[in-house]
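For reference, the structure discussed in these notes is given below.
The values are calculated or read from the model by the stated rules, or taken from the named source; none is laboratory data. Owing to the predicted nature of the structure, the values given are computational and were not obtained by experimental measurement. Every residue, glycine among them, receives a Cβ derived from its backbone with ideal geometry; neighbour counts consider all protein chains shown. Note: areas computed on protein heavy atoms with side chains; ligands, DNA, RNA excluded. Shrake-Rupley method; radii C 1.70, N 1.55, O 1.52, S 1.80 Å.
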Amino acid sequence: MTLRARHLLGIATLTPGEITAILDLAERYVALNRAPQKHADALAGLTQINMFFETSTRTQASFELAGKRLGADVMNMVMQASSIKKGETLIDTALTLNAMHPDLLVVRHPHSGAVDLLAQKVNCAVLNAGDGRHEHPTQALLDALTIRRAKGRLHRLNIAICGDIAHSRVARSNIMLLHKMENRLRLVGPATLLPRDFADLGCEVYTDMEEGLAGCDVVMMLRLQRERMDGGFIPSEREYYHRYGLNAEKLAHAAPDAIVMHPGPMNRGIEIDGAIADDINRSVIREQVEMGVAVRMAAMDLLAQGLRAERETAPVEV
Ligand code: NCD
């Protein structure tokens, strides 16, 4: 199985069958990652370059580990120290790296659409590790795997996505994925942080947490993304926590077996009570991190299979 596209730029272009194929392969990598010997050779001989123009802990570390476990040569570009600081454009940097014949380019960039643009200029496979407030496809895939494992299925679930949805690429990618897999979605947050366009996708919109969480199976919390706000979107953090911070009282309105998710990094005491985040009976936040490595291994494996198939039909010039 390969994916139809050469790149993984977003959830928008994936079919439900492709999503399922990535998750099924990731299951195999979950088992490998739990084994004492964690190496496979799906990316042996290939070169992976990680270019993070925005800070990242989980995503960068898991892409690096994923590539190394599959046998790739992995290079992390330190973008603060690179020529970007000297004024080189994103495209010039990409073309320079392209001349070194990478096979996989993992890119995070603060501008929406920058990763798509870069993908048009290089002849390797590009994975979007988050672009502005646009898409973060591997986060949505790892969230989907976490939900599927916790709930035993990935369809017909009531899922509430809560908080700063307007600034969140995680929310956008998740909404698209969970909608494609036929779940019932609710967006919950203050009106100032709710995008309008998703009502068209059939999402229900709530400004009251208790109403929004009523009976739902999955509660997905999002970070308040101050760095993307140009003005006052909330009266105060205290007020925000009071109305939208997930605590035991608000969670009591969800289904008794509802799971709690958060992509990280978390602001404890702003969007989530630390006790809920650490409650191993409700929170799957650590599983999300674990699934992140497996999903990234699966995504890179499938893209590499696609590259190999493409190169067999059109041999690389030497
Ligand atoms: C998210 C991101 O960077 O988009 N984090 C992540 O990848 N785990 C969410 C966030 O920054 O709030």
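Assorted remarks:
- Loop-located GluC sites (Glu not before Pro) across region 238-318 with a Cβ neighbour count of 12 or fewer within 10 Å are E317, with loop assigned by DSSP.
- Summarised in one figure, the compactness ratio Rg/Rh of region 235-300, Cα atoms and Kirkwood Rh, is 1.06.
- Residue-averaged 222 nm ellipticity for the chain, from DSSP H runs of 4+ at -39500 (n - 2.57), nearest 500: -12000 deg cm²/dmol
- Figure legend: label point modelled 7 angstrom from the Cα of H242 along Cα→Cβ; residues of region 185-220 with amide N under 19 Å from it are 189-193, 207-211.
- Largest first, the three principal axis extents of the alpha carbons in the chain are 64, 43, 37 Å in whole numbers.
- Each of Q80 and D92 was given a label point 7 Å from its Cα along the Cα-to-Cβ line. The distance between the two points is 2.2 nm.
- Distant-in-sequence amide H partners of Y206 (H built 1.01 Å from N, under 5 Å): L187, V188, G189
- Share of alpha-carbon pairs per 5 Å distance bin for region 209-318, given as whole %: 2, 10, 16, 16, 13, 10, 8, 6, 6, 5, 4, 3, 1
- For region 152-159, putting each phi into the Karplus relation 6.51 cos²θ - 1.76 cosθ + 1.60 with θ = phi - 60° gives couplings of x, 7, 10, 9, 6, 10, 8, 10 Hz, in residue order, rounded to whole numbers and with x for Gly and Pro.
- Each Lys and Arg Cβ is given +1 and each Asp and Glu Cβ -1; about its Cα centre, the chain then shows a dipole of about 360 debye.
- Using a probe radius of 1.4 angstrom, the carbon and sulfur fraction of the accessible surface of region 46-179 is 50%.
- Three-way shape label, region 74-144, alpha-carbon gyration tensor, a/c 1.5: prolate
- Positive-pole candidate from G269, I259, L97, dipole of the chain, charges at beta carbon: L97
- Amide H contacts of L127 (H built 1.01 Å from N, in plane; Pro and chain starts excluded): L8, L105, V106, V107 sit under 5 Å, all sequence-distant by 5 or more or on other chains.
- For Y241, solvent-accessible area (1.4 Å; no DNA, RNA or ligand), Å²: 60 Å²
- Ligands, DNA and RNA aside, D73 has an accessible area near 100 Å² when probed at 1.4 Å.
- Since only V126, V115, V205 are under comparison, the one whose Cα sits farthest along the positive direction of the charge dipole of the chain, derived from C-beta charges on Lys, Arg, Asp and Glu, is V126.
- 26 Å tail of the calculated P(r), region 135-294, as % of Cα pairs: 16 percent
- Net charge dipole size for region 196-246 [Lys, Arg +1 and Asp, Glu -1 on Cβ; Debye, nearest 20]: 280 debye
- Here the gap between E227 and A5, fully extended at 0.36 nm per residue and compared with their Cα-Cα distance, gives a gain of 76.7 nm.
- Seen from a random direction on average, the alpha-carbon convex hull of region 102-207 projects onto 7.3 square nanometres.
- Taking Cα centre as origin and charging only the Cβ of basic (Lys, Arg, +1) and acidic (Asp, Glu, -1) residues, the dipole magnitude of region 1-158 rounds to 580 debye.
- Span-like helix ranges in the chain, DSSP H, alpha carbon extent 30 angstrom or more, Kyte mean at least -0.5: 285-313
- Taken over region 35-129, the alpha-carbon convex hull comes to 98 cubic angstrom per residue.
- Linear extension gain, A31 paired with R153, 0.36 nm per residue minus alpha-carbon span: 42.0 nm
- H39 accessible area, 1.4 Å probe, all protein chains in place, Å² to nearest 10: 120 Å²
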